[in-house]
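Scroll down for the structure; my scribbles are underneath it.
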């Protein structure tokens, strides 16, 4: 299976932004685009750029590799941030130290950007080997201590792919040696191209020529094949601070929650952040023209006549005769009956579409009762699935109750979710 790396994983060890697609209701999913810069600071920047620095060390991706950098934000049951510098329980395993490190970085990155990005925590799927593979010099204690440095790390530095000194602990494998994760390499960068084993890049100095296998030092970015000081994130990257109403944007990823990127002029280079229209108002026009539905707030949907309509009550026909019809709270549009049906309790069968959420097999919660916290969980990969409504449990928490599953790639070990060595 090809491992897709998010910016979190790039900052977590720097990887390549996996994909980009924004939705009109404020939530965004992004993919890598062509032409990004490679920064040595440990973060994935615009356009599938890879930074060679070091907060989180993620697995390889089809277009790049893994860096030891940092990583995102919304957790499942009991997730959330790591609190203050002295917060957090005493972790006794490599896997949970790895999880705490990623969670703390992701929380701080979200604070700096002003928006949550749940994909960041997906870097934890590679724990504990992300930081504890042969060639890495990290220990459980050093990783836990370093996690504390992210709790209040300077936002300007973080968004420029810089990181605390402890996050730049170099690996021992030289350029050209085999690797799976950036933490194994002296350069903190491992190129895998979707293969199980990759190759450590070599590090080049500021001003020198850089390339796919020659990465810049921390604080530098590869721009026009030369190492230069890492620039601030751009609109195209989708990883800078989000803007308020009226701010320029390329997608909803550039705007605050409850806003969308509005198309003002088809010939314009940028859209502008705008409040999502409510019931009775003309649907908003998305700057990203591939989003074929008009933009409306979460309490409405865009009807065929271009007006935001009220969500449909239980038992109502929800066939797409009047735009992309949406059901009201506590109900979902059943794909067989095409009627708004009651949401299902934990343990019930469900059918969902792929969601880059708590792990590879977590789906959009179309059918499951949100009050229970359940996801439509599938036991196999695929764009769509037949699954079961299960409650996600975060790493470190008890996993011995019915209708639950360990999230973010963790497994139930001795009664709690953890990351055992493979």
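The values are calculated or read from the model by the stated rules, or taken from the named source; none is laboratory data. The structure presented is a predicted model; accordingly, all values stated were derived computationally and were not measured. Cβ coordinates were reconstructed from backbone atoms using ideal geometry, including for glycine residues, and neighbour counts include every protein chain displayed.
Within region 290-299, is there a residue that is assigned to a loop (DSSP other than H, G, I, E, B), farther than 17 Å from residue 252 by Cα and modelled with pLDDT under 95?
Checked against the condition, which is being assigned to a loop (DSSP other than H, G, I, E, B), farther than 17 Å from residue 252 by Cα and modelled with pLDDT under 95, region 290-299 yields at least one hit.
Here is a list: 184, 217. Which entry is farther than 28 Å from residue 308 by Cα and at pLDDT 95 or above?
Only one candidate passes the filter, namely 184.
Determine which member of the set 325, 305 is assigned to a loop (DSSP other than H, G, I, E, B), outside the structural domain of residue 120 (by TED's automatic domain parsing) and surrounded by 21 or more Cβ atoms within 10 Å (Cβ to Cβ).
Just a single option satisfies the conditions, and that option is 325.
For region 134-147, what are the residues that are closer than 25 Å to residue 406 by Cβ and either surrounded by fewer than 21 Cβ atoms within 10 Å (Cβ to Cβ) or not assigned by TED's automatic domain parsing to the domain that holds residue 94 (or both)?
139, 140, 141, 144
Is one or more of the residues making up region 195-203 outside any loop (DSSP other than H, G, I, E, B), in contact with a strand residue (DSSP E or B) (Cβ under 9 Å, 6 or more places away or on another chain), surrounded by fewer than 22 Cβ atoms within 10 Å (Cβ to Cβ) and assigned by TED's automatic domain parsing to the domain that holds residue 115?
yes
What number of residues in region 221-257 are loosely packed, with under 14 Cβ neighbours inside 10 Å and touching a strand residue (DSSP E or B) at 6+ places or on another chain (Cβ under 9 Å)?
Here the count works out to 5.
Only one of 130, 143 is modelled with pLDDT of 95 or more, over 20 Å from residue 227 (Cα atoms), in contact with a strand residue (DSSP E or B) (Cβ under 7 Å, 6 or more places away or on another chain) and not in a loop (DSSP other than H, G, I, E, B); which?
Every option except 130 fails the conditions.
Filter region 259-284 for residues that are within 30 Å of residue 330 (Cα to Cα) and surrounded by fewer than 21 Cβ atoms within 10 Å (Cβ to Cβ); which is nearest to the chain's Cα centre (by Cα)?
Only one residue tops the list, namely 275.
When residues of region 155-194 are filtered for being in contact with a helix residue (DSSP H, G or I) (Cβ under 9 Å, 6 or more places away or on another chain) and either closer than 19 Å to residue 229 by Cβ or part of a strand (DSSP E or B) (or both), how many remain?
So the answer is 15.
If I ask for residues that are closer than 13 Å to residue 312 by Cβ and either modelled with pLDDT under 90 or within 25 Å of the chain's Cα centre (by Cα) (or both), which ones from region 338-375 would you list?
Once the filter is applied, which keeps residues that are closer than 13 Å to residue 312 by Cβ and either modelled with pLDDT under 90 or within 25 Å of the chain's Cα centre (by Cα) (or both), region 338-375 yields only 338.
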